[in-house]
1. Considering each residue of the range 78-102, count those that are in a loop (DSSP other than H, G, I, E, B) and in contact (Cβ under 8 Å) with a residue 24 or more places away in the chain, and give that number.
2. The conditions are (1) at pLDDT 95 or above; (2) exposed (fewer than 14 other Cβ atoms within 10 Å of the Cβ); (3) over 16 Å from residue 133 (Cβ atoms), and residue 105 fails exactly one of them. Which is it?
3. Can you name the condition, by its number, that residue 94 falls short on among (1) modelled with pLDDT of 95 or more; (2) more than 20 Å from the chain's Cα centre (by Cα)?
4. Among the residues that make up the range 48-67, is at least one of them at pLDDT 95 or above, over 17 Å from residue 30 (Cα atoms), touching a helix residue (DSSP H, G or I) at 6+ places or on another chain (Cβ under 9 Å) and part of a strand (DSSP E or B)?
5. Kindly list the number of the only condition in (1) out of contact with any strand residue (DSSP E or B) (no Cβ under 6 Å at 6 or more places or on another chain); (2) closer than 22 Å to residue 48 by Cβ; (3) in contact (Cβ under 8 Å) with a residue 12 or more places away in the chain; (4) exposed (fewer than 12 other Cβ atoms within 10 Å of the Cβ) that fails for residue 132.
């Protein structure tokens, strides 16, 4: 009987440990509104249900932004690879963010703007892909 109790305690412990997850594992894709800015993390999908449209950042192709406290010849930019799904058809596109410049991406009936990227670039620091947060704004043409 004592062995059975020990076995049950061990089994319960294994089950509870296996069901634990980090907070990041709990983040799911979410629904956003057209013509309202929203934040997006890497590999998560934002959907505009009423438009049957979604966007997902799949890669950071370039991050040449001038680091804080650095003196740079130009402000640099960040270039992302994004997947846009419009009426269940997925396309891969690139979008660029450059501080102080509006560089929208026109796709179908929509204009996609990347309006902010955090964290800011720092001297001698590499930003991990999962640490980026991208702020988008999508509007109809």
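The values are calculated or read from the model by the stated rules, or taken from the named source; none is laboratory data. Keep in mind it's a predicted model, so treat the numbers as computed, not measured. Heads up, the Cβs are rebuilt from the backbone with ideal geometry, glycines too, and the neighbour counts pull from every protein chain shown.
1. So the answer is 4.
2. Every listed condition holds for residue 105 apart from (2).
3. Result: residue 94 fails condition (2) only.
4. Yes: the range 48-67 contains one or more residues that are at pLDDT 95 or above, over 17 Å from residue 30 (Cα atoms), touching a helix residue (DSSP H, G or I) at 6+ places or on another chain (Cβ under 9 Å) and part of a strand (DSSP E or B).
5. Every listed condition holds for residue 132 apart from (4).
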